[in-house]
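Reading through the structure tokens given below for one structure.
The values are calculated or read from the model by the stated rules, or taken from the named source; none is laboratory data. None of the values given here were measured: they were computed from a predicted structure. Because the Cβ atoms are built from the backbone with ideal geometry, glycine has one as well, and the counts that use them run over all protein chains shown. For accessibility, only protein heavy atoms count, side chains too; no ligands or nucleic acids. Shrake-Rupley method; radii C 1.70, N 1.55, O 1.52, S 1.80 Å.
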Amino acid sequence: MNRLGPSFTFQQQSNRHPGLDGARGLAVLAMVLGHTLDALLSAEARLLPWVQHYWAFRGVTAPLFLLVSGWAVVAALGTRPNAARDTLGRRVRRSLLLLFLGYFLHWPGWHAVRDLGWTDAMVSHVLTFDALQCIGFALLVGSVLLALVPAQGGRPLVLLVLAVGIPLVSATTWKLGVGLPGAVQQFLGSAAGSRFPFFPWAGYFFAGAFAAYALHLLRPGWPQGLALLALGAGMLGLTRMTTADWTPASAWLVAYRVGQGLLVLGAVNLAPVRLSKLLAPFGRLSLWIYVLHLPVVYGWADIAGLAGRIGPRLGVPAAVGIGVALLVTCAVVAWLGRWLMEQARPWRAGSTTLNASLSGTRMSPRA
């Protein structure tokens, strides 16, 4: 096909499909604006009704980001039986990069190291388990398992078990982690400050991966989009039939957020390609936008960020303006960095986890 349709089915061509990148772009847009508003909005501005509604919407941004990440991993494998094994090394390197960046963002600076030393407080700060660590470990675990299990039947079963099992055992793993070394507690979720522990947050990643397998046989466009909407509505319907549990390790909460995320994916899937293309550039650069904006907003090491320099005292227009400017600036810096890397290494073919066909028989050269 020469023309891309509004779906998450990837075609074998040089351009990445904007639908999935559009969903990731929407998530990173909400994330950057949310962090900026959280750091800069005054107490009076936070009480505005639409700001309260926005805080409620923010709850789905991180789950959506993880859902799309899991979907993208499976999408890149296509239907070639050996794809998972052939790309294992690349995905392991990708996961290690995510882990490095995640822990690097929590480096407290040499002054803090000198003052605190290698104490429990220092270790807990450096090893804080955040979003990049969760995606990195989920990608590592998922890539290894997909490379080991048979392509037919085994992969969707493994992904389903992980998507359902991780949230279900999360409350138990949190209890079992008490008293274990700090790094293990951060991973499991038992330690204070573990923001995106593997249990239950990796459940979103594997839910997205399973959804990609479950829906890849549907035709592009309306069938996929309507199926995503139906799945999302079904998940939300199931949560309505059970007792709500908003605790961090709740399997109910994961199911609720997965349902919301699937609805967003369905809406983006049905949206015109032109709309997706507006968000797609941010989606393609989402990792680096995320990495760049966090130090600017919250600071890094002993360098204060916007939260420390300005603080929560701005009105909505000023805070939104700073957030939009930060998003655009980070995107430009990320794009320039990628361009310079490509110029420095012209011999290396571009790589992506998205540009492959779920219905094709071979991987794209850019996958």
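When you count, for each residue, the other Cβ atoms within 10 Å and take the mean per peptide, how do 280-292, 230-242 rank with the highest first? Before the final figure, lay out the partial values.
Values: 280-292: 21.4, 230-242: 14.5.
In decreasing order of mean packing, 280-292, 230-242 become 280-292, 230-242.
Mind giving me the nanometre distance, one decimal, between the label points for Val332 and Arg90, set 7 Å out from Cα along Cα→Cβ?
Spacing of the two 7 Å Cα→Cβ label points: 3.2 nm.
At 0.36 nm per residue, minus the direct Cα-Cα distance, what do Ala267 and His125 gain on full extension? Give it in nm, one decimal, please. Walk me through the numbers on the way to the answer.
On the way: separation 142, 0.36 × 142 = 51.12 nm, distance 3.82 nm.
Here the answer is 47.3 nm.
If you average the alpha carbon positions of region 135-189 and of region 20-56, how far apart do those two centres end up, in angstrom?
Centre-to-centre (Cα) distance: 30 Å.
Could you tell me which helices of the chain pass both thresholds, a Cα extent of 20 Å or more along their own axis and a mean Kyte-Doolittle hydropathy of at least 0.0, with helices taken as whole DSSP H runs?
Numbers: long enough: 18-40 (32 Å, 0.94); 61-77 (25 Å, 1.96); 88-104 (24 Å, 0.69); 131-148 (26 Å, 2.29); 154-176 (31 Å, 1.40); 198-215 (25 Å, 1.26); 222-240 (26 Å, 0.91); 251-270 (28 Å, 1.31); 316-344 (42 Å, 1.49).
The answer, listed by residue number, is 18-40, 61-77, 88-104, 131-148, 154-176, 198-215, 222-240, 251-270, 316-344.
Let me have the 222 nm mean residue ellipticity of the chain computed from DSSP H runs of 4+ only, each contributing -39500 (n - 2.57), with the sum over all residues rounded to the nearest 500. Display every interim value, and only then the final one.
Numbers: 18 runs with 252 residues, N = 367.
Only helices count here, giving -22000 deg cm²/dmol.
When averaged across all projection directions, what area in nm² does the alpha-carbon convex hull of region 155-217 cover?
It is 4.3 nm².
For Val169 and Leu116, calculate 0.36 nm times their separation in residues minus their Cα-Cα distance, and state this gained length in nm to one decimal. Spell out each step's value before the answer.
Working: separation 53, 0.36 × 53 = 19.08 nm, distance 3.51 nm.
Full extension from Val169 to Leu116 adds 15.6 nm.
What percent do you get for the relative contact order of region 79-152 when only Cα pairs under 8 Å and 6+ apart count?
54 percent
Given axes a ≥ b ≥ c from the Cα gyration tensor, I'd like to know whether the chain is rounded (a/c under 1.5), prolate (a/b larger than b/c) or oblate.
rounded
Would you mind telling me the share, in percent, of accessible area of the chain contributed by carbon and sulfur at probe 1.4 angstrom? Present the calculation step by step, with values, prior to reporting the outcome.
Working: 11810 of 17330 Å².
That share works out to 68 percent.
Let's see if you can work this out: charge +1 on each Lys and Arg Cβ, -1 on each Asp and Glu Cβ, no other charges. What is the dipole magnitude of region 106-230 about its Cα centre, in debye to the nearest 20?
Magnitude of the dipole: close to 300 debye.
Which whole-number percent is the relative contact order of region 285-342 (Cα, under 8 Å, 6+ apart)? Before the final figure, lay out the partial values.
Values: 29 pairs, mean separation 24.5, N = 58.
Here the relative contact order equals 42 percent.
What is the extension gain from Gln343 to Leu97, computed as 0.36 nm multiplied by their sequence separation minus the C-alpha to C-alpha distance, in nm to one decimal?
On the way: separation 246, 0.36 × 246 = 88.56 nm, distance 2.08 nm.
In short, 86.5 nm is gained.
Using a simple charge model, +1 on the beta-carbon of Lys and Arg, -1 on the beta-carbon of Asp and Glu, nothing else, what dipole does the chain show about its Cα centre, in debye to the nearest 20?
Numbers: 28 positive and 10 negative charges, 231 e Å.
Once rounded to the nearest 20, the dipole reads 1120 debye.
Give me the accessible area of Glu44, 1.4 Å probe, in Å² rounded to the nearest 10.
Counting only protein heavy atoms, Glu44 exposes about 130 Å² to solvent.
Quick check: pseudo-label points 7 Å beyond the Cα along Cα→Cβ at Ala56 and Tyr298, how many nm apart are they?
2.6 nm
Please compute the contact order of region 144-278 in relative form: average sequence separation of alpha-carbon pairs under 8 Å and at least six residues apart, divided by the residue count, as a percent. Numbers along the way, then the final one.
On the way: 154 pairs, mean separation 32.5, N = 135.
Once divided by the residue count of region 144-278, the mean separation gives 24 percent.
Using a 7 Å offset from Cα along Cα-Cβ at Arg195, what residues in region 98-131 end up with backbone N under 14 Å from the label point?
101-108, 125-131
Please calculate how many Å² of accessible area the chain carries per residue, with a 1.4 Å probe and no DNA, RNA or ligand atoms counted. Working shown, then result.
On the way: 17330 Å² over 367 residues.
Computed with neighbouring chains in place, this is 47 Å² per residue.
Most mobile of Leu265, Leu40, Leu217 per a Gaussian network model of the chain (Cα springs, under 10 Å)?
Top of the fluctuation ranking is Leu217.
Using the Cα gyration tensor of region 62-154, with a ≥ b ≥ c the square roots of its eigenvalues, what is the shape: rounded (a/c below 1.5), prolate (a/b larger than b/c) or oblate (neither)?
On the way: a/c = 3.45, a/b = 2.75, b/c = 1.26.
It is prolate, given that a/c is not under 1.5 and a/b is the larger ratio.
Say each of Arg240 and Ala183 gets a label point 7 Å from the Cα, pointing the same way as Cα to Cβ; how far apart are those two points in nm?
4.6 nm
Assuming a ≥ b ≥ c are the square roots of the Cα gyration tensor eigenvalues, decide whether region 146-265 counts as rounded (a/c under 1.5), prolate (otherwise, with a/b larger than b/c) or oblate. Don't skip to the answer; put the middle values down first.
Values: a/c = 2.65, a/b = 1.52, b/c = 1.74.
Oblate, because a/c is 1.5 or more while a/b does not exceed b/c.
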